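Beneath this line is the structure, given in structure tokens, with notes to follow.
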Amino acid sequence: MKIKGLRWWIITLIFIATVINYIDRTAFALLWPEMGEDLGMDKSDYAIMLNVFMACYALGKFASGKLYDKIGTRLGFTVSIIIWSVASAFHAFASGIVSLSIFRGLLGIGEAGNWPGAVKSNGEWFPIKERATAQGIFNAGASIGNVIAPFIIVFLYTQFGWKTTYIILGAVGMLWVIPWLFLNKSTPEKHPWVTEEERNLIMVDKIEKDEIIHNKKIKSLSVTKILSYKQSWGVLACRFFIEPIWWFFAGWMPIYLNDKFSLSIEEIASTMWISYLMAAVGSILGGMFAGKLMKKRSVDFSRKATIALGGLLILIAFIGIITMVREHNFMVFIYLAGLALFGFQFAIGNIQTISSDLFRGPSVGTLAGLAGTVAAVSPMIMNWFVGQITANSYTPAFVAICVAVVLGVLSIFLFIKNIGAVRKSTE
């Protein structure tokens, strides 16, 4: 049996996993009022839970990157989604701050694996010119998850209550494993269902092609060796500076809308999805734009042009927020926030894909995991920073984000002179 376009089935499953990932993490904020009351917990406890999740999420990014390099993306994704699905279901059995902290920590560790796993999988299943498109599809799952999560969570909660809602969400994640293991039997060079035409398309850009042909085992570079290349620091620095943009909107946009415009929870939920829908469009178009450029220009030019354009859109959006948003025009903020998220997603797929441009398969997950850890640490710093400086105005935070965007884009241009393989082979 042969399946035409199997790589697109693989990325579709990863997209669905990402949607599930974001629904599972969003459930906590939406269910907290009733959940916190039942467990006798207050807002300070909620803040602790957020920090526990982010700390374990940061650790999980690096750990999962190494895990995927050891056991491969097929089993790596399986382990990740089982951990976070079980952790999600266990929320229903939390009895206090200790047990809930354990379950939040497990959720963070499990969910972290989705990102380095997707980067590594795309490096395995897609030729260079299609990787940004594949990454855009995957990243769109985060935006779509944010769009549909409120509707799904509210429906399940009103029908079954918060405890059963968590159990159902955990069960959905476990069910995802079935088609994943069924379709993703092996890597493309050995998969029995890949057509010869698709296999040749995928393998033509593989850095490790010759070694696969000669059945040589490809060794992963050590973390120290990976960090000895300045190109790796370009990826890490860019992720450090640019990642807080997404988490700013995820964590602070509802609070900002309430503080600035006195919007109710229902009003926030009925409008905020517009911004995330624009983000989903940015994910897809960013990949398509880079892929289109690569037909005529180099990978280096195409990636950098896409990242620079995305950064410019973010800057325009935040300058607009600083200068145009007033007390009663909250929809202006919604659309400008959407533009910022569009720009972020337009660029981030290409930023994440650089790991697979620089290194071969076994080392891709390690660098992606390191980048993911950095990308989880900087939002924690941002959360503290925003909390300290926004007592009277959010403008200082918006200005800081503008500076961070510039530094993020410059990191790519200054540290990575040419986006391409830094090393052909390692024995």
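Any residue that is crowded, with 19+ Cβ neighbours inside 10 Å and either farther than 23 Å from Ala375 by Cβ or without any contact (Cβ under 8 Å) to a residue 40 or more places away in the chain (or both) - is there at least one of those in the range 39-51? Walk me through how you get there before you give the answer.
Let us first name the residues in the range 39-51 that are crowded, with 19+ Cβ neighbours inside 10 Å, namely 49.
Subsequent filtering for residues that are either farther than 23 Å from Ala375 by Cβ or without any contact (Cβ under 8 Å) to a residue 40 or more places away in the chain (or both) retains none.
No, the range 39-51 has no match at all.
Scanning the range 259-295 for residues that are under 18 Å from Ala29 (Cβ atoms), touching a helix residue (DSSP H, G or I) at 6+ places or on another chain (Cβ under 7 Å) and without any contact (Cβ under 8 Å) to a residue 40 or more places away in the chain turns up just one, Ile268.
It is to be established whether one or more residues within the range 145-159 are modelled with pLDDT of 90 or more, more than 23 Å from Leu50 (Cβ to Cβ) and open to solvent by 10 Å² or more (accessible area, probe 1.4 Å). Checking the range 145-159: at least one residue is modelled with pLDDT of 90 or more, more than 23 Å from Leu50 (Cβ to Cβ) and open to solvent by 10 Å² or more (accessible area, probe 1.4 Å).
In this structure, does Gly113 turn out to be farther than 21 Å from Phe249 by Cβ and open to solvent by less than 50 Å² (accessible area, probe 1.4 Å)? Yes, satisfied.
All conditions in (1) outside any helix (DSSP H, G or I); (2) in contact (Cβ under 8 Å) with a residue 60 or more places away in the chain hold for Arg326, with the sole exception of (2). Taken over the range 122-132, the criterion of being surrounded by 24 or more Cβ atoms within 10 Å (Cβ to Cβ) and at pLDDT below 90 is satisfied by Asn122, Gly123, Arg131, Ala132. Could you go through the range 74-95 and let me know if any residue there is out of contact with any Gly (no Cβ under 7 Å at 6 or more places or on another chain) and not in a helix (DSSP H, G or I). So far as the range 74-95 goes, yes, one or more of its residues are out of contact with any Gly (no Cβ under 7 Å at 6 or more places or on another chain) and not in a helix (DSSP H, G or I).
Just one of the listed residues (Pro362, Pro379, Pro396) is open to solvent by 20 Å² or more (accessible area, probe 1.4 Å), out of contact with any Cys (no Cβ under 7 Å at 6 or more places or on another chain) and modelled with pLDDT of 80 or more, namely Pro396. The residue that is farthest from the chain's Cα centre (by Cα), among those in the range 186-229 that are hydroxyl-bearing (Ser, Thr, Tyr) and at pLDDT 90 or above, is Thr195. Looking only at residues of the range 310-339 that are open to solvent by 60 Å² or more (accessible area, probe 1.4 Å) and at pLDDT 95 or above, we find that the one that is farthest from Ser262 (Cα to Cα) is Leu312. Of everything listed in (1) within 23 Å of Gly145 (Cα to Cα); (2) modelled with pLDDT under 85; (3) within 16 Å of the chain's Cα centre (by Cα), the single unmet condition for Ser64 is (2). For the residues Ile10, Ile16, Ile71, Ile3, the requirement of being closer than 14 Å to Ala118 by Cβ, open to solvent by 30 Å² or more (accessible area, probe 1.4 Å) and not basic (Lys, Arg) singles out Ile16. When Ser298 is tested against the conditions (1) open to solvent by 30 Å² or more (accessible area, probe 1.4 Å); (2) in contact with a Leu (Cβ under 6 Å, 6 or more places away or on another chain), the lone failure is (2).
The values are calculated or read from the model by the stated rules, or taken from the named source; none is laboratory data. Predicted model only: the values in this text are computed from it and were never measured. For neighbour counting, all protein chains shown are included, and Cβ atoms are generated from backbone atoms with ideal geometry for every residue, glycine included. Heads up: the accessible areas ignore ligands, DNA and RNA and are worked out on the full protein's heavy atoms, side chains in. Shrake-Rupley method; radii C 1.70, N 1.55, O 1.52, S 1.80 Å.
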